[in-house]
Amino acid sequence: MRKNIVAGNWKMNTTLQEGVALAKGVNEALQNVTANCDVIIGVPFTHLASINGVIDSSKLGLAAENCADQKSGAYTGEVSASMVASTGATYVILGHSERRQYYGETAEILKTKVNLALANNLTPIFCIGEVLEERENGTYFDVVKAQIEESLFELSAEDFGKIVLAYEPVWAIGTGKTATADQAEEIHAFIRGVLATKYGEEVANNTSILYGGSCKPSNAAELFAKPNVDGGLIGGAALDVESFMGIVTAF
């Protein structure tokens, strides 16, 4: 049975001290509720070890926002999957639209990152999604299908079963635009169908697919009520404890 998940993605926000305080706030809030979903925070590399020391890992998962496409070596400034795992993090966000757009991450690079993450017992939260032009010209199904096939479809069914997908309508991130709940359900159902064709119904039905486009406390319940939307990858709202918990408790 697939899991409901709410994952925060802090992006390049908070100093170490601010991040520790925010993580403590989320951790404390979770002690007072029964969350009907798994809760994860994705934080900058600099914060991982410190935050791992102040949260209850039975209630709050910890993710890195990226990892390198190399095991180790002379790659100044990079952080490997094994380094991420050594901090106590158990998830890693890969393929985020900002990484693809600003840093030129290709399907091949992401395939390597996924394999390195899995080899280090990290659960990849793998992001897919189309830009505005692709949404408007009607190619978005093809774009999303290709992103999945080119980076993930060489995985065995067993390894694919360790992946969490996050669909990001790139045109709805930070723009104030939001895909309607019906639009989200349409593409999530399509994604599940793509997975079923490759790996079978059981794997497809057990894969969590998160929605990653301007999910807020005000629209989370409507989105999460859709049968193929298993939670959210949360940006701005994850930087405020009350807003983030408003999304967590929408389940």
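Every number in this text was worked out from the coordinates using simple rules, so none of it is lab data. This one's a predicted model, so the numbers in the text were calculated from it and none came from an experiment. Cβ coordinates were reconstructed from backbone atoms using ideal geometry, including for glycine residues, and neighbour counts include every protein chain displayed.
By other beta-carbon atoms within 10 Å, ranking M83, M245, M1, M12 with the fewest at the front produces M1, M12, M83, M245.
Over the chain, dividing the summed -39,500 (n - 2.57) contributions of all DSSP H runs of at least 4 residues by the number of residues returns a 222 nm mean residue ellipticity of -12000 deg cm²/dmol. Sorting T34, T197, T112, T90 from the fewest to the most surrounding beta carbons within 10 angstrom yields T34, T197, T112, T90. The relative contact order of region 8-239, computed from alpha carbon pairs under 8 Å that lie at least 6 residues apart in sequence, is 17 percent. Each of H47, H188, H96 was scored by other Cβ atoms within 10 Å of its Cβ. Listed from fewest to most, they are H188, H47, H96.
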